[in-house]
4 protein chains.
Amino acid sequence: MCRWLAYTGEPLQPAALILDAKHSVVAMSQNSPLGAETVNGDGFGLGWYPVEGEGTDAAGSRHPFVFRSIEPAWNDANLREISRAILSPLFFTHVRAAAAPPIQQTNCHPFRHEEWLFMHNGAISQFGLIKRELALAVDPSLYPEIQGTTDTEVLFHLALTFGLADDPVAAVGAAIRRVEEVGHAAGVQFPMQGTLAVSDGRTMWAFRYSSQGRSRTLFHSADVPTIRSMYPDAERLSLFGDHAQVVVSEPLNDLPGVFLEVPESTVAVLDPDGYHHRPFLDA
Amino acid sequence: MCRWLAYTGEPLQPAALILDAKHSVVAMSQNSPLGAETVNGDGFGLGWYPVEGEGTDAAGSRHPFVFRSIEPAWNDANLREISRAILSPLFFTHVRAAAAPPIQQTNCHPFRHEEWLFMHNGAISQFGLIKRELALAVDPSLYPEIQGTTDTEVLFHLALTFGLADDPVAAVGAAIRRVEEVGHAAGVQFPMQGTLAVSDGRTMWAFRYSSQGRSRTLFHSADVPTIRSMYPDAERLSLFGDHAQVVVSEPLNDLPGVFLEVPESTVAVLDPDGYHHRPFLDA
Amino acid sequence: MCRWLAYTGEPLQPAALILDAKHSVVAMSQNSPLGAETVNGDGFGLGWYPVEGEGTDAAGSRHPFVFRSIEPAWNDANLREISRAILSPLFFTHVRAAAAPPIQQTNCHPFRHEEWLFMHNGAISQFGLIKRELALAVDPSLYPEIQGTTDTEVLFHLALTFGLADDPVAAVGAAIRRVEEVGHAAGVQFPMQGTLAVSDGRTMWAFRYSSQGRSRTLFHSADVPTIRSMYPDAERLSLFGDHAQVVVSEPLNDLPGVFLEVPESTVAVLDPDGYHHRPFLDA
Amino acid sequence: MCRWLAYTGEPLQPAALILDAKHSVVAMSQNSPLGAETVNGDGFGLGWYPVEGEGTDAAGSRHPFVFRSIEPAWNDANLREISRAILSPLFFTHVRAAAAPPIQQTNCHPFRHEEWLFMHNGAISQFGLIKRELALAVDPSLYPEIQGTTDTEVLFHLALTFGLADDPVAAVGAAIRRVEEVGHAAGVQFPMQGTLAVSDGRTMWAFRYSSQGRSRTLFHSADVPTIRSMYPDAERLSLFGDHAQVVVSEPLNDLPGVFLEVPESTVAVLDPDGYHHRPFLDA
């Protein structure tokens, strides 16, 4: 239903990808060629981890900040300021296309819980039909923290319930399986659709999965050194460090080889070792 | 936590009470002498039934309209327009003082379900502690309709669950009793606090009740003919018909005898027979 | 830059045209096939005159109401309420595509001055270059009433300055000629572009004009009795009275013969005698 | 009409003063004991310069960022995030109490032009009467940059016109003198009222002046080493460096000696040499 981008690497001004790329996230908010909807104007969000050392607590974890708004991203004056005012080694940004009201900040991605960020493009089919049963499966101590009306926020709290902090891939898998079980029991053929991004501030996991095996698009960037060798004259590359990696709903530019598709039923992992992916919920 | 006003009588521009009274609802939004908080700037709402015949469906019921905003009422340009553009024989208006974010339209009163409107000044104590159990007590078919995070919206859906359409006073009583049971079980001494207004477009019920027996203030207006005889020179009275009745969190003016207190543990009923009240949940 | 619709005829719920038509104004806000931009998500406005007798002042003039918002029209909950809650014999509605921030209510159309409403699709070219000189040409008593940053609001105040109340067609013509003079003096080749709607609550004037002679599209509806004879089975027509007339940026449906193009350099007049048009500023 | 705070010193999270002080700016937004109005809920703004080196351009000047919102500061979720996410050696923050609509971001302080920030508590009396003449006195190249409807934005552009970049104190003085001349010519007895803060990112100037000699309150903080010696047990002081200085509409706490009044008709200057002040427009 939406478009998203997740960045990890050397600290970067989010504006470099949100505002300044050819098919930047703000450009996608008004016109996304590969999107299920072309307009993603029902609010947006930016979640970011601070630079190492500046926001680390005693336990060594980094708490992210979140800026969310119900206005379309394309003309939002504050987004232009904040995405240039900060530097971040890991940030998420999302533009929303809602099926219906309510349009409210608590429905804007990314969602946050302690050091975790979570965002989603896609949907739980016929969510209204199974919302209550899914919400009941959320840990009672987490239930009161659900503030909006989205399927994504419930999915995030299911993943937290199923152990996101201990094993993120297993927990997201268990949450999706629960959605599928409850959905199937209610007669929904293909309950889950979408791409998901999750992070604890150190590692980022990006999932591409749908019950039908026909998921929303997802791409990751090639290694920056590889891109440099392919496009030695691209001045814009000087903005990015050698460890810059992006996962995004659709390519940010039209250069062949720069953005590579993440396969169906896959989880991509971006950590200090770089990008790698493996099968996810592959029946 | 808030201030509210409910009107029934001859069709009236809501502006007469929202904007133009000495202590109008908009004035109370910035300074409410009798309020638990003096500032009620966290959004507002106006819910109104159309004039007889203009909005009646086949079943003879009248569906209300709702205009809600997260901006403070005092400088909202649209409220000034809409409260003069419409005429209504029964309307609710509410200005909100939130304990904390989120400030969102789905948390603004009045709430609506089919032909019913519902609003509240007060709180369910330690709501976070018992929210899940109360939400589970809501009829599963109604559960997905809860869109915001307020205690009031859950209370409304409990009342709907317990038969609001059949016996409003019993249903509100049962909803409050459930809140008290669940709250006491969780160790909350005085779970319920507040004044409530409910209507189906024909009758209005206004409740003043708190577990502690120390409820937020509530007043109703004297009969207009009586007021006219008391204040024969009050030009402003020409705005109002003989059947105009107001229930409100605090008096709209300082004239002795015009606003009378609704007693503790009371339900006031305003219907074609006028105003009358009786004990409510009086132990 | 925008899309607009103006209605005159028997009192009508604006929702019939704003929400419920095939290519309704809300649908155009997200996707306007004939628009200079496909997305018109930078706020919207609804201006309406009350039903005869309900809002007429001593002088017999009718003052319009205005509801404006900076949110996209397509998911705005309040627009859905208000456009069904009112009846109006003459209303304007507009969805905006802004070139840039600021997105603010004071930049949303229609603009109002006393009994006049005014809205615009198009632009004054290089407005920043000539804004000051145009603003100085506004009557000093009107100057402080300009509240936003749009070219349209200045154009409206120029038309008021040049006698809108006495001769609307001449005044709008004089305002546009002034824009062209000042623009040409500043080296702007084609200063004026657009379609305009103006009303005093009794008559509506719609202008299609551009300095280059290549104006934004504008259509008017055929007579309802004619449409009924063409489409005797169209149930939707029962919504409309025999005097219903619409002028709109693009057709509201795909039925041949229902919407007719307003020619270039033309002013259309809709009054109790129905629709007629004549040349406007035709060199 | 408002409350403001300006900080200069060691890089600091604005939250320390905006959110966490006893009488923080957010607390003042809801209840300002010394304010002309107690509620300042008509939007807010935060303007900040980046840390040295991080945002300095080729010419050595630092461009400030601005975050502004029309929501009340007290429950704004984004303000809580941003005021903790950034560090700044010099920031302005402002909460607004508007006399009337429009409430819009372009009316929120601080205002920005290139490296300059500007904010104001007070008013130009009968501004509507003299707005046009003052706007005409603004340099024509600056005129199109005025985006809102406030007296403050016009005053800022007058100061820019009169040489703010060359001699800030003289330029602000000349702007105020122009306001007084134009006001007196229009029959306004006391045209200017207020306190102003201005900065180029290196030095901050704070003015307290009114035509009547009865200006809004203004305070500056004592030297931090002095405060430490006065209150050796105040743990909160560890947040602040030795060069931390605040100028603020009213004291942030009740500790005697910490906040000192800025006298009438005075300009306070805060630069690398610390705080000093001198007479300003003292007849």
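The values are calculated or read from the model by the stated rules, or taken from the named source; none is laboratory data. Note that the structure is a prediction, hence the values are computed from the model and not measured. Positions of Cβ are backbone-derived with ideal geometry, glycine not excepted, and every protein chain shown enters the neighbour counts.
The residues of the stretch D:143-183 that are within 14 Å of another protein chain (Cβ to nearest Cβ) and farther than 27 Å from D:G213 by Cβ, listed by number, are D:Y143, D:P144, D:E145, D:I146, D:Q147, D:G148, D:T149. Exactly one residue out of D:F91, D:F67 is under 18 Å from the mean Cα position of the chain (by Cα), touching a residue at least 60 places away in the same chain (Cβ under 8 Å), crowded, with 24+ Cβ neighbours inside 10 Å and not in a loop (DSSP other than H, G, I, E, B): that is D:F91. Picking from residues in the stretch B:160-184 that are out of contact with any helix residue (DSSP H, G or I) (no Cβ under 6 Å at 6 or more places or on another chain) and not in a helix (DSSP H, G or I), the one that is surrounded by the fewest Cβ atoms within 10 Å (Cβ to Cβ) is B:D166.
Evaluating B:E10 against the criteria (1) over 17 Å from D:I103 (Cβ atoms); (2) more than 18 Å from the chain's Cα centre (by Cα); (3) not in a strand (DSSP E or B) leaves one unmet condition, (3). The single condition from (1) outside any loop (DSSP other than H, G, I, E, B); (2) of a type in the set (S, T, N, Q); (3) within 30 Å of B:H113 (Cβ to Cβ) that B:T217 fails is (1).
Is it the case, given these coordinates, that D:G128 is under 24 Å from B:Q104 (Cβ atoms), within 14 Å of chain C (Cβ to nearest Cβ) and either surrounded by fewer than 24 Cβ atoms within 10 Å (Cβ to Cβ) or modelled with pLDDT of 90 or more (or both)? So D:G128 does not fit the description; no.
Among the listed residues C:T226, C:T217, C:T266, which satisfies the condition of being polar (S, T, N, Q) and over 25 Å from C:A123 (Cβ atoms)? Before the answer, list the steps.
Working: C:T217 fails: over 25 Å from C:A123 (Cβ atoms); C:T266 fails: over 25 Å from C:A123 (Cβ atoms).
Just one listed residue meets the conditions, C:T226.
When A:P140, A:P102 are checked against the criterion of being on the phi < 0 side of the Ramachandran plot, at pLDDT below 95 and at the interface with chain B (Cβ under 9 Å from one of its Cβ atoms), A:P102 stands alone in meeting it.
Of all residues in the stretch B:41-58, those that are over 21 Å from B:V198 (Cα atoms) and either among the aliphatic types (A, V, I, L, M) or at pLDDT 85 or above (or both) total 3.
Of all residues in the stretch A:220-261, those that are in contact with a strand residue (DSSP E or B) (Cβ under 6 Å, 6 or more places away or on another chain), surrounded by fewer than 22 Cβ atoms within 10 Å (Cβ to Cβ) and within 30 Å of A:G183 (Cβ to Cβ) total 2. Checked against (1) closer than 21 Å to C:L34 by Cβ; (2) in contact (Cβ under 8 Å) with a residue 40 or more places away in the chain, C:A222 passes all but a single condition, namely (2). Within the option set D:R96, D:R62, D:R84, D:R3, being charged (D, E, K, R) and out of contact with any Gly (no Cβ under 7 Å at 6 or more places or on another chain) holds for one residue only, D:R84.
Of C:H157, C:H120, which residue is surrounded by 21 or more Cβ atoms within 10 Å (Cβ to Cβ), out of contact with any Asp or Glu (no Cβ under 6 Å at 6 or more places or on another chain), of a type outside the set (F, W, Y) and not in a helix (DSSP H, G or I)?
On the way: C:H157 fails: not in a helix (DSSP H, G or I).
Result of the check over C:H157, C:H120: C:H120.
Pull up the stretch B:105-117, narrow it to residues that are assigned to a strand (DSSP E or B) and surrounded by fewer than 24 Cβ atoms within 10 Å (Cβ to Cβ), then point me to the one that is nearest to the other protein chains (Cβ to nearest Cβ).
By that ranking, first place goes to B:R112.
Within the stretch C:37-49, the residues that satisfy the criterion of being in a loop (DSSP other than H, G, I, E, B) and crowded, with 23+ Cβ neighbours inside 10 Å are C:V39, C:N40, C:G41, C:D42, C:G43. Within this structure, B:L134 fails the test of being in contact with a His (Cβ under 8 Å, 6 or more places away or on another chain), surrounded by 19 or more Cβ atoms within 10 Å (Cβ to Cβ) and assigned to a helix (DSSP H, G or I). Residues of the stretch D:13-36 that are within 14 Å of chain B (Cβ to nearest Cβ) and in a helix (DSSP H, G or I): D:V26, D:A27, D:M28, D:S29, D:Q30.
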